């Protein structure tokens, strides 16, 4: 088996659902990632859906999804023996990932400063709703709260209803990607200089960083871009990007200028070939086509014709014939459709992992990216609670059977 | 006003050299992460094919003719050096070859195949410098039947299932007026590049990195994929509701289009929520006693919560809830973010930097803070601003040679 990019390094992962994908990304890069769970398991194991719908900390499909390739030990960090064991683990680790309320680890004597005394090279990556410092640092947060406080939520949804969240935990996922990036940048610096440090990730800031174009529109023109259902507003131009078709929905951004020219021309041709009324035909130079130069009424006429056109076709037609004609549409896949997508299949994106304890196998995304010299793949199902206690505590740290039994009885592991 | 945030301290990626063909969002944001942390990034542009964000006139101060009056471009391209080079002009090849020899990393996000047609695909570049790290981001990836198809931000969102899950159950899907695929992919590519730099340090080997927006986006819906595959449940849009919290939604507040998000996850938080709104009798009703019963009566629950929130300003609702220990947050606008958010202000998330054409304005800093080697965000380059510097200082060209190439018209 080929190396992975970061084979040979170790992370201790204390995160809940806010941070689990960070460790997943690092473990796919070859970092040996040990989930340190409190006895009974990470509270995020209570997040549905569950396999066969029965709540069970070993059957959370959400947890299984974001904790692949990790080991698991249980450890009570609130017990002093647990703290001692954790410090021992930190001596041999390269990274600590955590998502506790700022100050909590400090109160246990396990904050960054304390851990750096044990291991000056350690990198502690903290993923929290609002960051380590500031008046909201101890405020509680979640995917929805981060979306609200970032300005993302205000731009999503139907105008006649409240702003609506993105379906998946998109802010958690991107925050974890940001955290992985901060972690490897700090790692590079550490490998060059020997200096460890803390990486401070705020879910709110990660989400605000998406709003760049809206920030400048407010700063320079005092305009607020609001939620507008299927209409996408980029600066002053608002055009439809999501459309209903015969059996579902499609993404087709109606854009001016060079960016939209090829797709617009191809769509106009297809409308003609369908024998439908085609007001787009009046546009002779799509490269120069500028929405600012046409009236609201004219745009409505265009978009009504496009709406009728899409209602005339199925998702399959738009995917296949649209691809042939290069209209630049993308069908809006359901989760079931995603598994069938031919592009993902052609790139061997899926891997089946066995879950012998659950008597099932599940299909996982296999990679975040592909490399020609290294394999950075999802390889192993998420761990059972404390699955690696024996390996880490007995074999590696050399605790005796008696000591382990005593720790278990004391509720430490 | 400074052109750089922070003092000139040590930077994590000091000494790393990046040749940057990135454009639009994915490529620009990938190299920006490296540049803000101290890598020297030479951003190659051409007046014959200006960057999407140099042409986009989203603000009224931006003209059709000046490539340097676009604040959005500046946000996406901080801390880089800019060189103007017409890649379709033959003598420019020698400059690129020298830049490849100079660089540790080549970053690009053209449609797959385009770099090869320009003569700078991975095969050609690694022939010049075998241990180069080259990363290419794209909508679909470099291989497969869709590889050469063109995509934008929503392409990855639509195909990955993300869009289908967003919106109300009784209506079609919707999407936010901000990007997702275009801004998540750069974090993964930059992660790969920096990890590859460390791998090269240990092994001497370079790396080619092929990253697809569709593939990165699909990761986030893995639980829904399992729910379909293992349980036969096909998840779809569900508004603001989630299975493990109630109330969990966005509630109307006093004022025009003002809202506050509230999420009650635990029994403890439910108790705190009830006390915070003054323990009205309805909170004691059996139908709201447990998470399961609140989920069963969510319409009624949300209506009662809204009756209370409507009487308060969104900021008051957040303060009351958070003081009580209940997760809550104002649905902030860009005005709130830029003018009224004490958290972002104290953390200096937006830095005021001076751009020679646009003047002083706010720039977002990287949303992951390395506390000992802080990002130092500098304003973006004007088109071709550093052409002479890069050629003569970084590549060591003589003035004579530079002038000869200039006369051949390659620096445009």
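Residues in the stretch A:368-390: is at least one over 28 Å from residue B:174 (Cβ atoms), assigned to a helix (DSSP H, G or I) and not assigned by TED's automatic domain parsing to the domain that holds residue A:271?
The answer is yes, given that some residue of the stretch A:368-390 is over 28 Å from residue B:174 (Cβ atoms), assigned to a helix (DSSP H, G or I) and not assigned by TED's automatic domain parsing to the domain that holds residue A:271.
Within the stretch B:48-64, can one find any residue that is under 20 Å from the mean Cα position of the chain (by Cα), at pLDDT 95 or above, part of a loop (DSSP other than H, G, I, E, B) and closer than 21 Å to residue B:410 by Cβ?
Scanning the stretch B:48-64, I find no residue that is under 20 Å from the mean Cα position of the chain (by Cα), at pLDDT 95 or above, part of a loop (DSSP other than H, G, I, E, B) and closer than 21 Å to residue B:410 by Cβ, so the answer is no.
Which ranges mark the helices (runs of 4 or more DSSP H) fully within the stretch B:140-242 that have 2 or more residues being closer than 20 Å to residue A:337 by Cβ?
B:153-159, B:213-219, B:222-231
Pick from the stretch B:256-283 the residues that are without any contact (Cβ under 8 Å) to a residue 12 or more places away in the chain and loosely packed, with under 13 Cβ neighbours inside 10 Å: which of them is farthest from residue A:227 (Cα to Cα)?
Looking at residues that are without any contact (Cβ under 8 Å) to a residue 12 or more places away in the chain and loosely packed, with under 13 Cβ neighbours inside 10 Å, I get B:281.
In the stretch B:105-125, which residues are within 13 Å of chain A (Cβ to nearest Cβ), part of a helix (DSSP H, G or I) and surrounded by fewer than 19 Cβ atoms within 10 Å (Cβ to Cβ)?
B:123
Any idea which of (1) without any contact (Cβ under 8 Å) to a residue 24 or more places away in the chain; (2) surrounded by fewer than 18 Cβ atoms within 10 Å (Cβ to Cβ) is the one residue B:47 doesn't satisfy?
Answer for residue B:47: the failing condition is (1).
How many of the residues in the stretch B:163-189 are in contact with a helix residue (DSSP H, G or I) (Cβ under 9 Å, 6 or more places away or on another chain) and farther than 11 Å from residue B:213 by Cβ?
Here the count works out to 10.
Look through A:97, A:115, A:110 and report the one residue that is closer than 28 Å to residue B:337 by Cβ, more than 8 Å from every other protein chain (Cβ to nearest Cβ) and either touching a strand residue (DSSP E or B) at 6+ places or on another chain (Cβ under 9 Å) or at pLDDT 95 or above (or both).
Just one listed residue meets the conditions, A:97.
Would you confirm whether any residue within the stretch A:69-83 is surrounded by fewer than 21 Cβ atoms within 10 Å (Cβ to Cβ) and either within 18 Å of the chain's Cα centre (by Cα) or closer than 17 Å to residue B:226 by Cα (or both)?
Within the stretch A:69-83, none of the residues are surrounded by fewer than 21 Cβ atoms within 10 Å (Cβ to Cβ) and either within 18 Å of the chain's Cα centre (by Cα) or closer than 17 Å to residue B:226 by Cα (or both).
Residue B:225: farther than 26 Å from residue A:204 by Cβ, crowded, with 21+ Cβ neighbours inside 10 Å and either within 12 Å of chain A (Cβ to nearest Cβ) or in contact (Cβ under 8 Å) with a residue 40 or more places away in the chain (or both), yes or no?
So residue B:225 passes the test.
Can you give me the ranges of the helices (runs of 4 or more DSSP H) entirely in the stretch A:203-289 with at least 3 residues that are within 8 Å of chain B (Cβ to nearest Cβ) and touching a strand residue (DSSP E or B) at 6+ places or on another chain (Cβ under 9 Å)?
A:203-208, A:212-221
Collect the residues in the stretch A:290-300 that are closer than 20 Å to residue A:259 by Cβ and assigned to a loop (DSSP other than H, G, I, E, B), keeping them in residue-number order.
Within the stretch A:290-300, A:290, A:294 qualify.
Got at least one residue in the stretch A:73-94 being within 30 Å of residue A:192 (Cα to Cα), away from chain B (no Cβ under 12 Å) and not in a helix (DSSP H, G or I)?
Among the residues of the stretch A:73-94, at least one is within 30 Å of residue A:192 (Cα to Cα), away from chain B (no Cβ under 12 Å) and not in a helix (DSSP H, G or I), which makes the answer yes.
The values are calculated or read from the model by the stated rules, or taken from the named source; none is laboratory data. Here the structure is a predicted model, which means the values were calculated and not measured. No Cβ is skipped: glycine too gets one built from the backbone with ideal geometry, and neighbour counts run over all protein chains shown.
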